[in-house]
Amino acid sequence: MKSNIYKTDKKRIEFGELRIGPQAKKNLIEVCENNWASYGPKCKEFEKKWGELFGYDYNLATSSGTDAVIQSCLALYGLGVERQSEIITPALSFIATANAIRAADFKPVFCDINRQTLNIDASKIEEKITDKTKAIMVVHTMGRPADMDAIIDIAKKHDLVVIEDSCESHGAKYKNQFIGKIGDISCFSFYVAHLICCGEGGMVSTQREDLYETVFSTRCHGRSGFYFDHPLYGLNSKMNDLEASLGLEAVDVFWETFGKRHEYMKAMRQACEGFEDLAFFSEEDEGNVNCPHGFSVTLKEAGHLDKFAKHLESKGIHWKRNFGSIPTQHSAFSYLNYSLGDFPESEHVGDNGLHIGVHQHLTSQDVDYVCENLVEAFKQI
């Protein structure tokens, strides 16, 4: 079942919302007065403040989250990785994860997930490794940190690079360490539903200077320090100062935003107490902190999502499907010749899961309204 942009006279709870505040407007005016709208001083300031927020040493702002994922893959070329090498990635994710691997001219090799956490099942990774495998792309789905200890152990054993797709995970922590600092390189998105929003935009962050230097080049068509000298394959993936103007405002209030959204997530989870026999929910594992990206519900039994979702829809609550299995539920990857049943966990989540927004512009009354209707939705099944 597809989420609808439906019309209703009732209350409308959006998944995300962009509001341009006074500081962002001031930043935008400065950009216009300087007549410099491409990558410039606002982008550099944004990169600096983003890095300081989480302790990331090297940061490169990109035009979208997808571009950030592509650039994280292109960083492999600086390590001598050959084209069409394999990158292991979860079967369940927003399709940009796999699209980025293809765009960087690598081959995605899909691994099933744990339907309870929505993250890659680390116990299934090693069986996917071949002599062509060069990296593991981890996705911290819905802001819930993946099992990084196990994944890092596998990567070290097989000499693989770990790319963290942290697009939905601003500020999340795995065992008291910020997501994005555990693997070799990480990518983030600043689309509307995310905690930091630039309208569009993304960021590549790493603690490795060598990977930073590669992406510094590949983000600008693989250019060296001179125009029209391009030793690497690359794309035009730079952020512009208009986008950065919005991001700078969001960085300044990040922890306020994080706290509010985290409380909203907690309220929704508490509202669902008593329905654990029916569904898996967004949960925080002991010792970890989730990014409050969205509240996920995955029904345990098949065939009930339609009724559940239709109730939310009738009440004006915007929902989105839990992605689905990229290789078997999205025809864009049918050329890989996978079949339904090859990724049963991902397929179950795709058919029986959804998520709703917890953005910071909701009011406490909005959250109460959502909580009440989550309970009513469960009564429909």
Restricting the first residue to region 102-114 and requiring it to be on the phi < 0 side of the Ramachandran plot, which pairs with a second residue that is among the acidic types (Asp, Glu) and in a loop (DSSP other than H, G, I, E, B) meet a Cβ separation below 8 Å and a spacing of at least six or different chains? Cys111/Asp121; Asp112/Asp121; Ile113/Asp121; Asn114/Asp121
Looking at region 279-288, can you tell me whether even one residue there is under 28 Å from Asp366 (Cβ atoms) and touching a Phe, Trp or Tyr at 6+ places or on another chain (Cβ under 7 Å)? yes
So if I check each of His158, His170, which one is at pLDDT 95 or above and closer than 17 Å to Glu284 by Cα? His170
Can you tell me which of (1) more than 24 Å from Tyr77 (Cβ to Cβ); (2) touching an Asp or Glu at 6+ places or on another chain (Cβ under 6 Å); (3) not aromatic (Phe, Trp, Tyr) is the one Thr133 doesn't meet? (1)
Looking for something part of a helix (DSSP H, G or I), closer than 23 Å to Gly171 by Cα and of a type outside the set (Ser, Thr, Tyr) - is there at least one such residue anywhere in region 5-20? no
The residue that is surrounded by the fewest Cβ atoms within 10 Å (Cβ to Cβ), considering only those in region 9-60 that are more than 18 Å from Phe178 (Cβ to Cβ) and under 18 Å from the mean Cα position of the chain (by Cα), is Glu17
Given the residues Val297, Val289, which is the only one that is surrounded by fewer than 22 Cβ atoms within 10 Å (Cβ to Cβ) and β-branched (Val, Ile, Thr)? Val289
Filter pass, Phe275 being farther than 27 Å from Ile20 by Cα and either more than 25 Å from the chain's Cα centre (by Cα) or surrounded by fewer than 17 Cβ atoms within 10 Å (Cβ to Cβ) (or both): yes
Filter result for the condition that a residue is in contact with a helix residue (DSSP H, G or I) (Cβ under 9 Å, 6 or more places away or on another chain), of a type in the set (Ser, Thr, Tyr) and free of Cβ contacts under 8 Å to residues at least 24 places away in the same chain, over Ser334, Ser325, Ser346: Ser334
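Condition (residue is aromatic (Phe, Trp, Tyr) and touching a Ser or Thr at 6+ places or on another chain (Cβ under 6 Å)) applied to region 187-202: is it met by at least one residue?
yes
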Any chance region 245-261 includes a residue that's within 24 Å of the chain's Cα centre (by Cα) and within 16 Å of Cys371 (Cα to Cα)? yes
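The values are calculated or read from the model by the stated rules, or taken from the named source; none is laboratory data. Because the structure is a prediction, the values reported are computed rather than measured. Cβ: placed from backbone, ideal geometry, glycine included. Neighbour counts: every protein chain shown.
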